[in-house]
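Laboratory data are not the source of any read-out in this text; all were calculated from the coordinates shown. This is a predicted model, so every value here is computed, not measured. So basically every Cβ, Gly included, is an ideal-geometry build from the backbone, and we count neighbours across all protein chains shown.
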Amino acid sequence: MRRKKKDKQHIWYICITITLLLAILLLEPWSYFQYMSYDRQWPYHDETSGNYDGNYDGIDISKHQGNIRWNELKNNKHIKFIYIKATEGMFLNDPAYKHNILEARKHGFKVGSYHFLCKGALGELQFLHFCHTIEKNKQDLLPMVDIEEDGTKGWSKRMIRIHLKGFIRACKIIYGVTPIIYCSQSYYKDYLSPDFDNCIHFIASYNGIPILPGKTKYDIWQSKKHGRIPGIYNWVDIDKLSDSCRIEHIEWK
């Protein structure tokens, strides 16, 4: 029985490797196009207004935050972690990813990377795209998969679960860890509960502390999507760790 299990894992590794090599050939032109079309200097001035936010533990960023003033951001004592968008679907790379993760690490922040799961490709193949893009030795935090209505519209509840499980399964095979799941409070209730109750939950809820079905608790709370902090000239998501979740619980060890 043990021999059969090892043979099955060996075949899986071979299939993953072949698919990854094919994905690399397909993905590089897309990455180059996105990089060349992205304005690295935008925004040219602060497009936010009002008081700066307080009472948060981390932020998650992507190209939408634009040119971050890292020398200013490094003085922010609230930020214990930063999650950075790396990939989306099967072909898209966030054009700011490599620059953001380089600067965040250079300025002393703990960083993690996330993938936006969306229809159009198997969950396993989307993980391969993510795996090809990030570098494990540059990650302080567990990988994260972002799953939302915008990305999965048109998929049934069953298909959503199949592809998310495929992404998670591939992550566990390649990296030996289960990724954090990010979604809204309502999305978790409508599509994911109770199949993913044993995962770490990063939950968006803008009208109060997240409440999940049954005994499931949130671990990270995205409390605001229009946060304002010094050094970022566009609105940014701000996040809080739950009382039972410490930064050590989401570190990639």
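Return a whole-number percent for the relative contact order of the chain, with Cα pairs under 8 Å and 6 or more residues apart as the contact set.
21
Taking neighbour counts of Cβ atoms within 10 Å as a proxy for exposure, in what order, fewest first, do Asp150, Asp94 appear?
Working: Asp150 8, Asp94 25.
Taking fewest neighbouring Cβ atoms as first place, the list is Asp150, Asp94.
Would you look at the GNM of the chain, springs on alpha carbons closer than 10 Å, and say which of Gly120, Gly50, Gly154 moves the most?
Result: Gly50 has the largest fluctuation of those listed.
I need to check one value: relative contact order of segment 109-231, counting alpha carbon pairs closer than 8 Å and at least 6 residues apart, in percent.
Relative contact order comes out at 21 percent.
Would you mind pulling out the separation of the Cα centroids of segment 37-99 and segment 140-196, in Å?
Each part reduced to its Cα centre gives a spacing of 23 Å.
Let me spell out the model: positive unit charges on the Cβ of Lys and Arg, negative unit charges on the Cβ of Asp and Glu, origin at the Cα centre of segment 2-250. What dipole size does that give, in debye rounded to 20?
On the way: 35 positive and 27 negative charges, 233 e Å.
For segment 2-250, the charge dipole is close to 1120 debye.
Just list whichever of Lys110/Lys157; Lys136/Lys215; Lys119/Lys225; Lys74/Lys189; Lys80/Lys153 have alpha carbons separated by over 31 Å in the model shown.
Over 31 Å Cα-Cα: Lys110/Lys157; Lys136/Lys215; Lys74/Lys189; Lys80/Lys153.
For the chain, find the longest principal axis of its Cα atoms and tell me its angle to the long axis of helix 2-36, 0 to 90°, nearest 10.
Value to nearest ten degrees: 40.
Hey, what does the equivalent ellipsoid look like for the chain, semi-axes from the Cα gyration tensor as sqrt of 5 times each eigenvalue, largest first, whole Å? Mind dumping the intermediate values first?
Numbers: eigenvalues 174, 103, 58 Å².
Three semi-axes, in Å: 29, 23, 17.
Could you order peptides 238-244, 132-138 by the average number of other Cβ atoms within 10 Å of their residues, highest first? Working shown, then result.
Values: 238-244: 17.0, 132-138: 13.9.
Highest-to-lowest ranking by the protection proxy: 238-244, 132-138.
Which order do the peptides 77-84, 58-65 take when ranked by the mean count of other beta-carbon atoms within 10 Å per residue, highest first?
58-65, 77-84
Over the chain, what is the percentage of antiparallel beta bridges among all DSSP beta bridges, to the nearest 5?
30
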